[in-house]
Structures are given as C-alpha cells and as structure tokens.
Amino acid sequence: MRSLYISLVSEFYKSRKTLAFWAAILLPVIICGLITFGFYSTSEKVLNLHYPPMVLWAQYSGAALGVMGMLIMPFYVIFMAFSVNNIEHKNDTWKTLFAQPLNKFSIYAAKYLYAVFLIFICLFLFATLTYAFGYLLQVLVPEYNFNQYNPSSILINSYSKLFLSSLGILSLQFILSLVWGDFLKPMGIGFVGTIMGIITASVGWKYAYLIPYSLPTLALRITKVKKGGDPLDFPIFTQEIYTSLIYAAVFFLIGYFIVTKKSIK
C-alpha cells in the first residue's frame, strides 16, 4: 500500500500541469456554465413549454449528459489515457521508473488508478455543478420549478453509469498508449472506435455492447423501471456496465504484462 501511495502522489506531481488534469476540472465548469446560461437567456421560451419539475430537470441535466456520453467523454478518456503514459514516453523514463525500489505492480496500478481518479473527478463535478447550477437558475428565474423535484437519483445513476461505462475504453486506450508512444496511433484508433461505437449504438445494433466505445452511449439510454416508479430512477448495473467492467479487468491485466516487459528493455 505504501508503494501504491507513493506512486499515486508521484503521478499527481508529474501531471498536475497537464491539459488532461485541468480538463477534468474545466470541462464540467465550462459545459455546465454554458448550459445554465442557455437556460437563463432563453427562460421565457422554456417557461412557455410548461415542463413539469421532473421533465425540466431531465431536459436540463440531459443537455450535459448527451454531450458527455456520446462525444466528449470518450475523447476525453482517450486523450487522458495517452497523456498519463506519454509523460514516460516523452522523457524516456520507463526504465528509470521501474528501477525505483517500489513494487512494479504498484507503479503500474497507480498510473491506472490515477487515470480512473481523473475521470471520477470530472464526472463528480458534472453532477455537482448540474445540481448546484439548477438551483442557481431557480434563484435567478423564480418562475422555474427546479425546487419542486429532487434530481439526486437522476444525477447519481446517470453519472455512475457514465463513469463505469468509460472504464472499458480507458483500459483499452491505456494498452494502446503503452504500446505506442506517438500521438497519432492511439488517438486515431480511439477516434475511429468512438465514431463506430456511436453509430452502432445509435442504430440499435444488438451486438453494439461488445464495442467498448459504444458503452457510454448505451449506458445513458432510459431503461425500464418498476411499474408506478420514477421513470428516471433507472438501474445502474445493466448489460453494458457489466461488459465495461469485464473489459476493464481483462485489459488491465494485459496492460500490466506489457508494461512489465517494457521495463526490462
């Protein structure tokens, strides 16, 4: 555990000035801020639609979830996985890294867990800012009815599913960024995979869940709930989430063997 802790702290200090680190903070602030400004500036038009409180929250939170789930989240995960490993590629420090008196698995796991932590921070901020800015809108536009419905279950379930569904992409891209130190190969494969995943998920292909890049889109589909229950209180653990977790575990182990071989070159 001490080796893992030291390695995690090291990853933070190495990457705290990188774009991948700051994007985890800035993306939620910018996107949620823009959506909130849109709801504020077009409040008369939104009010004329006479949305019930639950539907208003669904429209508001869905604006960020749709953008994140289908496009920004996959690309952010791809770029972030590359950035975490590119630090070692760029400085040619893989041998130096594994020459330290630390457990090799802890060093590798720390890199992976740090990437998972950045994704968690990003989505946690999205959920928190969506909640906070929704009530800010209520203060700025008292005619809204945000305060008549608690969106906690929507936000927790949706962003939990988005987080878990992204782990399959992360683990695969982590391997690609270990194998190739250049920018184009892992990013190019990730770009093609994301486009393919969005298309297959959107057209409803029954085997789309087998493509890691389609899982965030599939995870945000509204699923069936109990009769008489909240239609937005959907389950977290569905087929695509289990698939993502299996991919994450398998690719994590494969990545460890790859990075172990790299360390003895």
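The values are calculated or read from the model by the stated rules, or taken from the named source; none is laboratory data. Since the model is a prediction, treat every value here as computed from it, not as a measurement. We place every Cβ from the backbone using ideal geometry, glycine too, and count neighbours over all the protein chains shown.
Worth pointing out:
- Complete set of residues in the stretch 162-206 that are under 30 Å from Tyr135 (Cα atoms) and out of contact with any Asp or Glu (no Cβ under 8 Å at 6 or more places or on another chain): Leu162, Phe163, Leu164, Ser166
- In the stretch 1-94, counting only helices (runs of 4 or more DSSP H) that sit wholly within it, the ones holding 1 or more residues that are of a type outside the set (Val, Ile, Thr), surrounded by 19 or more Cβ atoms within 10 Å (Cβ to Cβ) and in contact (Cβ under 8 Å) with a residue 24 or more places away in the chain span 2-15, 19-41, 53-67, 73-91.
- Every listed requirement among (1) outside any helix (DSSP H, G or I); (2) modelled with pLDDT of 90 or more; (3) of a type outside the set (Ser, Thr, Tyr) is met by Leu113 save one, (1).
- Among residues of the stretch 210-246 being at pLDDT below 90 and among the hydroxyl-bearing types (Ser, Thr, Tyr), the one that is farthest from Gly168 (Cα to Cα) is Thr223.
- For Leu71, the criteria (1) modelled with pLDDT of 85 or more; (2) closer than 30 Å to Leu218 by Cα hold in every case but one, which is (1).
- Residue that is farthest from the chain's Cα centre (by Cα) [pool: residues in the stretch 163-196 that are among the β-branched types (Val, Ile, Thr) and surrounded by fewer than 24 Cβ atoms within 10 Å (Cβ to Cβ)]: Val179
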